[in-house]
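Take this structure, written in structure tokens, and hold onto it; I'll ask about it next.
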Amino acid sequence: MEFKILFLNLPNAQRVQRRYMCSYNAPNMLFPPIELLYLAAIAREWHQKDVHLIDAIAEDLSLEELEFKIKKLNPSLIVTLTGFEIFEDDLKFIKRLKSKFTSSKFVLFGHYATTFPEETFIHSNADYILEGEPDINFSNLLDFID
């Protein structure tokens, strides 16, 4: 099986932007999920991985549409950034996705994941939590997985 990594900007009932230290409503415009793109570049350029991005917010995907796309892609690893004000919603989405895509490993990062790694791990069923700045930690995780 080819090792594919999905970088996922999770859906939400509102148009939100997730950043490492915050998240906020963005009804009029969206910025790309830059932290996810940084990690995708590391995976592609440093580790020669097959990378894919799904921005469920920008694509206005329902959870069902997102699940269809993930099923079609069949990623080995799903990496997502958890929001600050929407952390509880994000954990629910991740837990649901984790129960449906049992062959995929889940990687979470963000402020709460760093501050409360054990609680995040327990409430999300994630496989890996990246604490602190995610770039080098993610690269090290890919080395470990290889």
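In what order, largest first, do F31, F84 sit by accessible area if the probe radius is 1.4 Å? Before the final figure, lay out the partial values.
On the way: F31 105, F84 65 Å².
So, going from the largest accessible area down, we get F31, F84.
Can you give me the distance in nm between label points at H47 and E2, each placed 7 Å from the Cα along the Cα-to-Cβ direction?
Distance between label points: 1.7 nm.
Where Lys and Arg each count +1 and Asp and Glu each count -1, what net charge lies around H47 among other residues with Cβ under 14 Å from its Cβ? Write out the running numbers ahead of the final one.
Working: positive: K4, R44, K49; negative: E2, E45, D50, D135, D143, D146.
Overall, the nearby charge balance is -3.
While we're looking at this one, here's another question. For the chain, what does the helix formula give at 222 nm: sum of -39500 (n - 2.57) over DSSP H segments with n ≥ 4, over the residue count, nearest 500 deg cm²/dmol?
Details: 6 runs with 58 residues, N = 146.
The helix contribution divided over the chain gives -11500 deg cm²/dmol.
Can I ask one more? Given H placed on each backbone N at 1.01 Å, which residues far from V79 in sequence or on other chains put an amide H within less than 5 Å of it?
Those qualifying (amide H under 5 Å, at least 5 residues apart or on another chain) are L6, F7, L8, V107.
Next question, about the same structure. What percentage of all Cα-Cα pairs in the chain are separated by more than 26 Å? Don't skip to the end; give the middle numbers.
Numbers: 1610 of 10585 pairs.
Considering the chain, 15 percent of its Cα-Cα pairs are separated by more than 26 Å.
Magnitude of the Cβ-charge dipole of region 87-146, K/R +1 and D/E -1, about the Cα centre, nearest 20 debye?
Working: 6 positive and 11 negative charges, 98 e Å.
Charge dipole, region 87-146, about its Cα centre: 480 debye, nearest 20.
Relative contact order for the chain using alpha-carbon pairs under 8 Å, separation at least 6, rounded to a whole percent? Could the numbers behind the result be given before it?
Numbers: 253 pairs, mean separation 39.6, N = 146.
Reported as a whole number, the value is 27 percent.
Still on this model: Extending each Cα 7 Å along its Cβ direction at H123 and E65, get the distance between those two points in nm, one decimal.
Each label point is offset 7 Å from its Cα along the Cβ direction, giving 2.8 nm.
Continuing with this model, one more query. For region 5-140, with the dipole built from +1 on Lys and Arg beta-carbon atoms and -1 on Asp and Glu ones, taken about the Cα centre, which of L36, Q17, L6 lies farthest toward the positive end?
Positive-most Cα among the choices belongs to L6.
I'd like to know which of L91, S124, T102 lies farthest towards the positive end of the charge dipole of region 7-146, counting +1 on Cβ of Lys and Arg and -1 on Cβ of Asp and Glu.
Looking along the dipole axis, the top candidate is T102.
So, one more: So how strong a dipole does the chain carry about its Cα centre when Lys and Arg Cβ are +1 and Asp and Glu Cβ are -1, to the nearest 20 debye? Working shown, then result.
Working: 15 positive and 22 negative charges, 85 e Å.
Roughly 420 debye for the chain.
The values are calculated or read from the model by the stated rules, or taken from the named source; none is laboratory data. Note that the coordinates shown come from a computational prediction; the quantities given were computed from them, not determined experimentally. Cβ: placed from backbone, ideal geometry, glycine included. Neighbour counts: every protein chain shown. Please note that ligands, DNA and RNA were not included when accessible areas were found on the heavy atoms of the full protein model with its side chains. Shrake-Rupley method; radii C 1.70, N 1.55, O 1.52, S 1.80 Å.
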